[in-house]
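The structure under discussion appears below in the form of structure tokens.
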Amino acid sequence: MLKRIKQTGLTFAKTAGVFSFIQRSRWRRARLLILGYHGIAIDDEHQWNPPLFMRQDYFRERLRIIKKSGCSILSLAEGLRRLSTGDLPPKSVAFTFDDGNYDFYKQAYPVLKEFDIPGTVYLTSFYSYYNRPVFRPTVSYLLWKGQTSTLNLKTLTGRDERLNLLNGADRTKAFEELNEFASNSRLSAEEKDALMFKLAKQLKVDYDHLLEERILHIMTPEEVGRLAADGVDIQLHTHRHRTPMVRELFTREIKDNRDSIHSMTGSFPTHFCYPSGVYDNKFTPWLKEMGIESATTCETQLATRNSHPYFLPRLIDNSNLSPVEFEGWLTGVSAFLPQRRQS
């Protein structure tokens, strides 16, 4: 209901000329819209998880809207530099992509190149070297693909329990049980992959298809290197996609991630994105110690000179965001509407 009210209000505001007025204002010029994306679907990922994935044609339409609206598209580094010095051009926008999924290489980057748009990829690097499907999202994807089945956990975890995957609660329980088993058993990456293979086989999901299409894979070092050579900005997202609350473990994640990116690209990354949007004030001195210039969150808002450089807001664009809502953020009008805080 709230979403429908927002869409109606934004449509009225656009018709009444409010979009045009705000986007030309000094208020909007003093703000940077950092766009965040997670995945551009290779197959049916946008049906499985619309908040994280969108179709390539949907993404292309977003870029058409941005170009048509006359936005000033900046690299992340330039956008943040000009934000701090107070000389942003009109309607400034920067593009970021989380994780470094192979779908960026195959689906997103060709469209960015078509529109001549710079982008920053926040790369999580462990699965770049072990190039198999990433465990947690792939388990969720497999359970969704096999939702007409009944899952027998005994053959997977040893627990004698059957779950009807048509039931959303049972599907969530299966996901939690499998992740807890992998964690408690301290499964290696290879053992997790074997578990996913067994899960797919039981659910009659074609695991070989995931491997062939590289769905939910991270880009290889060679692919990352090619993108960097072509001008794509590769930045930090931790090595193992996690943010430990212990200083030594947290800084190790940054170091391992930075060393990996340096070996792939030759660059020394200094911008960071919190995995899953999980951040905490205690990270501030640790990030400073590691020479980090900025860190982005999943909190929805435009960035200003008053935004803390380690807690920068972004708009996480996704399939559920209507065109008028998206335009509302480009112009800045949506910033005046109440926002739901990210968990």
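Values in this text are rule-based calculations from the coordinates and carry no lab data. In this text the structure is predicted, and so the values were computed from the model without any measurement. Because the Cβ atoms are built from the backbone with ideal geometry, glycine has one as well, and the counts that use them run over all protein chains shown.
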| query | Order of ARG55, ARG31, ARG4 from fewest to most other C-beta atoms within 10 Å? | reply | ARG4, ARG55, ARG31
| message | If I take every Cα pair under 8 Å that is 6 or more residues apart in the range 242-343, average their sequence separation and divide by the length, what percent do I get for the relative contact order? | response | 20 percent
| task | Give the whole-number value, in cubic angstrom per residue, of the convex hull volume spanned by the C-alpha atoms of the range 39-175. | result | 148 Å³
| task | Identify the trypsin sites (Lys or Arg not before Pro) of the range 213-321 meeting these criteria: DSSP loop state and at most 12 other C-beta atoms within 10 Å of the C-beta. | result | LYS282, ARG305
| Computed over the range 135-213: relative contact order in percent, which uses C-alpha pairs under 8 Å that are six or more apart | 34 percent
| Exposed-loop-free span, longest in the chain, where chymotrypsin sites (Phe, Trp or Tyr not before Pro) count as exposed if DSSP calls them loop and at most 15 other C-beta atoms lie within 10 Å | 131-343
| message | Quick check on the range 135-213: take the gyration tensor over C-alpha atoms, sort the square-rooted eigenvalues as a ≥ b ≥ c, and tell me if it's rounded (a/c under 1.5), prolate or oblate. | response | oblate
| message | From the mean inverse distance of alpha carbon pairs (Kirkwood) and the Cα radius of gyration, derive Rg over Rh for the range 211-280. | response | 1.00
| said: Roughly how far apart, in whole Å, are the Cα centres of the range 2-59 and the range 231-253? | reply: 28 Å
| said: Give the aspartates and glutamates whose C-alpha is closer than 19 Å to that of LYS14, dropping any in the same chain fewer than 8 places away, or say none. | reply: GLU61, GLU325, GLU327
| message | Quick check: net charge around ARG252, other residues with Cβ under 13 Å of its Cβ, Lys/Arg +1 and Asp/Glu -1? | response | 0
| query | Among the listed pairs LYS106/LYS145; LYS6/LYS67; LYS3/LYS173; LYS106/LYS282, which are separated by more than 27 Å between their Cα atoms? | reply | LYS3/LYS173; LYS106/LYS282
| remark: P(r) of the chain over all Cα-Cα pairs, 20 Å bins starting at 0, rounded to whole percent, reads 29, 57, 14, 0
